[in-house]
Amino acid sequence: MIDLGLVGKRAVVSGAGYIPERAGHGRFTSLNLAEAGATVACIDIDAGRADGVVAEITAAGGKAFPIVADMTDRQQVRRALDEAVRLLGGIDLCVDIIGAATWDKAEDFTDEVWDWTIRNNLTHVFYLFQEVGRRLISQGTGGSMVALASVDGIVAAGYHAPYGAAKAGVMSLVKTFAHELGRYGVRVNAVAPGNVGSGNEDQPPGEYNVNGINPLAAPRAHDIANAALFLSSGLAERITGQTLVVDGGATIHELWGMTEELLPQFRTQHY
């Protein structure tokens, strides 16, 4: 059996609760970390959601604590992490899940929507990484930080320009924090989900290339959580500053529109 190196680790998941109409990245990530042996501080802005995921972890034999905080507020981030340190005895790793996309034409986005989207997808990551980073430096024990980015930060983010800009910013933050905190044994990475949408957990197994978007298959929430688990684990102890794309191959498409049907007319052409 492969040891993930997470038994006895102290984990913080920011945005741990489950929202029924969303994919559930925080829930799956929290459950994964607890199953791997970590004690998890489950932070959510909603007390019911925080309590819910803690109840699931406890029922499965794991250990977790709920913490209620608005992680877009610097003071609440600091207070939530102080509480996590008190409950856990320290922090070894954190995963940030919080984010939401807003849709409109680029020329129609208002300043208010832009500001809200940047705060809820990028600014809070800066707050969290700063505050966790300071604590990890002080502890002197190394650690890991992971944030959810998006493939929209890599390719064009059609009709949600602020979201794409924010997620590109997350990937930049990851590189900078990784560069500066590496000397302390702290790793910083991101996971970039593809079109998980509101959740694809009901996809039949063994069905591939069915939607014209994903050459393999659309990613599921637990695939994203598995990537966060990997980056948090000892298996990734020499990986930092990276963004792991989990998109079923959606962003690897060719640019030329070539299809199998068109191949015969091009095979004999020489350039």
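Quick notes on this one:
- Test result for ARG183, out of contact with any Cys (no Cβ under 7 Å at 6 or more places or on another chain), farther than 30 Å from TRP114 by Cα and not in a loop (DSSP other than H, G, I, E, B): yes
- The set of residues from the stretch 36-55 being crowded, with 24+ Cβ neighbours inside 10 Å and either free of Cβ contacts under 8 Å to residues at least 12 places away in the same chain or part of a helix (DSSP H, G or I) (or both) comprises ALA50, VAL53, VAL54.
- Taking first residues from the stretch 79-97 that are of a type in the set (Asp, Glu) and partners that are in a strand (DSSP E or B), the Cβ contacts under 6 Å between residues at least 6 apart in sequence or on separate chains come to GLU83/ILE67; ASP92/ARG10; ASP92/GLY143; ASP96/SER14; ASP96/ALA147.
- When restricted to residues that are of a type outside the set (Lys, Arg), in contact with a helix residue (DSSP H, G or I) (Cβ under 8 Å, 6 or more places away or on another chain) and not in a loop (DSSP other than H, G, I, E, B), the stretch 1-35 contains 13.
- Pairing residues of the stretch 250-271 that are outside any loop (DSSP other than H, G, I, E, B) with residues that are polar (S, T, N, Q) and modelled with pLDDT of 65 or more, at Cβ distances under 9 Å and at least 6 apart in sequence or on separate chains, gives ALA250/ASN195; ALA250/ASN214.
- The residues of the stretch 1-35 that are of a type in the set (D, E, K, R) and surrounded by 24 or more Cβ atoms within 10 Å (Cβ to Cβ) amount to a single one, ARG27.
- Residues of the stretch 81-104 that are over 19 Å from the mean Cα position of the chain (by Cα) and either more than 28 Å from LEU244 (Cα to Cα) or at pLDDT 95 or above (or both): ASP82, GLU83, ALA84, VAL85, ARG86, LEU87, LEU88, GLY89, GLY90.
The values are calculated or read from the model by the stated rules, or taken from the named source; none is laboratory data. Quick caveat, the model's predicted, so the values are computed rather than measured. All Cβ positions, glycine included, derive from the backbone under ideal geometry; neighbour counts span all protein chains shown.
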